[in-house]
């Protein structure tokens, strides 16, 4: 094998090892973050985009007309706001579950790839030092 092709192979294994290591770290950190928010720091496990229903002005009133014969009362407005809040919370938990699945898949794919490629990098590094 020529010196140039040997360098390219070493570079390939080093780059793939680095990329898979970063992917593995991202997956582990995000998975750990989701787990800590869910089981340890439960007060941190809330969506940041939910609206508060304390003030009626936080939820827009539906205009009279458009097939509605009665006005949109404050009670209806508050009920719609609370329903929207529950939908936001449900969407948040669904998104968190999707993120967990993605992170777990990243870990499952990147860990073996990292171990396989890093083994060659480490072996070459040991041979170069000897």
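What follows draws every value from the coordinates through simple rules; no lab data is involved. Fair warning: this is a prediction, and the values are worked out from it, not measured in the lab. Here Cβ is always computed from backbone atoms with ideal geometry, including for glycine, and neighbour counts include all displayed protein chains.
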Calculated FRET value between residue 19 and residue 102, using beta carbons and R₀ = 22 Å, to 0.05: 0.80
Burial order of peptide ranges 36-46, 19-29 (average beta-carbon count within 10 Å, highest first): 19-29, 36-46
Zone of residue 111's modelled label, taken as backbone nitrogen in segment 1-39 under 19 Å from a point 7 Å along Cα→Cβ: 17-36
In nm, spacing of pseudo-spin labels at residue 84 and residue 37 (7 Å Cα→C-beta vector): 2.2 nm
Cα-based shape type of segment 69-130, given that a ≥ b ≥ c are square roots of the gyration tensor eigenvalues and the cut on a/c is 1.5: prolate
